[in-house]
Amino acid sequence: MTLQLFAVTLLLSIPLGLAVTFLYNNKNFVISRLTSFYIMLMRGTPLLLQVFFFYYGLPFIPIVGQYLKFDAFTAASIAFTLNYAAYFAEIFRGGLLAIDGGQHEAAKVLGLSHWQTTYHIVLPQMFKVTLPAVSNEALILIKDSALVTAIGMAELLHVTKNIVNSTGMISAFAVAAVFYLLMSYVINVIFKQLEKKFSYD
């Protein structure tokens, strides 16, 4: 369950965060301000509170609440995706700011369209710059997945607590720590390989 939540969140929040970044940089003032408010809201409130809202709070919204009752995994996935998308959006925005503006002018001289410039020039450089920060967020995500034990999801920490409560074997916490460390190690290795690949390109 921990790995499922991690995979769903990462696969959905990265492209969503990228989309939010471009919306934030939109020349339309309303779109830009709404996007800014979304980022502030997601980053300015605790992730656990957001999980509670999507699991317990949505059903109490008048009229539409009855259609917004989600199981624990779906509610957690929505909360985690929206939360991490906001963080990734800020990371990607920083990556875009790090790219020399002169490259856009050079692309225009070469006759590249806006989308060709974005796809072939901007995005590869942005991902190269932001990979260490994205890797750090992925490691945090593995640990944050433990928060969903608060809504009864049978993820790693929840199962560990049940074992300790039923058997009194506190060594189960050490075993859980080993699992978290192993997952973090694998994620770190994967991102290190990606960083090497981008550094050679």
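For this structure, a couple of remarks:
- Heavy-atom accessible surface of the chain: percent carbon and sulfur, 1.4 Å: 70 percent
- Highest mean packing first, where packing is the average number of other Cβ atoms within 10 Å per residue, the peptides 128-139, 36-47, 88-99 line up as 88-99, 128-139, 36-47.
- Accessible area (Å², per residue) of the chain, counting only protein heavy atoms and a probe of 1.4 Å: 58 Å²
- Averaging the Cα positions of each part gives two centres, and for the range 111-149 and the range 82-97 these lie 8 Å apart.
- Of [x] 18.3; [y] 19.0; [z] 17.4, the label for Kirkwood radius over Cα pairs in Å derived from the coordinates: [y]
- The chain: calculated mean residue ellipticity at 222 nm from DSSP helix runs of at least 4, using -39500 (n - 2.57): -24500 deg cm²/dmol
- Under the span-like rule (Cα at least 18 Å along the axis, Kyte-Doolittle mean at least -0.5), DSSP H helices of the chain: 2-24, 29-44, 72-97, 123-144, 171-200
- For the chain, a Gaussian network of Cα nodes joined below 10 Å ranks A86, A150, A72 by mean-square fluctuation, and the top entry is A150.
- With the simple model of a label 7 Å out from the Cα in the direction of the Cβ, Y56 to W115 spans 4.6 nm.
- Max mean-square fluctuation residue, GNM over the chain, Cα-Cα springs under 10 Å, options D71, D144, D100: D100
- Using the empirical formula 2.2 N^0.38 Å as the baseline, the Cα radius of gyration of the range 107-146 reaches a ratio of 1.75.
- With N as its number of residues, the range 81-168 has a Cα radius of gyration that, divided by 2.2 N^0.38 Å, comes to 1.72.
- With K and R counted +1 and D and E -1, the other residues having a Cβ less than 15 Å from that of A146 yield a net charge of 0.
The values are calculated or read from the model by the stated rules, or taken from the named source; none is laboratory data. Just so we're clear, the structure is a prediction, and the values are computed from it rather than from any experiment. For neighbour counting, all protein chains shown are included, and Cβ atoms are generated from backbone atoms with ideal geometry for every residue, glycine included. Only protein heavy atoms, including side chains, enter the accessible area calculation; ligands, DNA and RNA are left aside. Shrake-Rupley method; radii C 1.70, N 1.55, O 1.52, S 1.80 Å.
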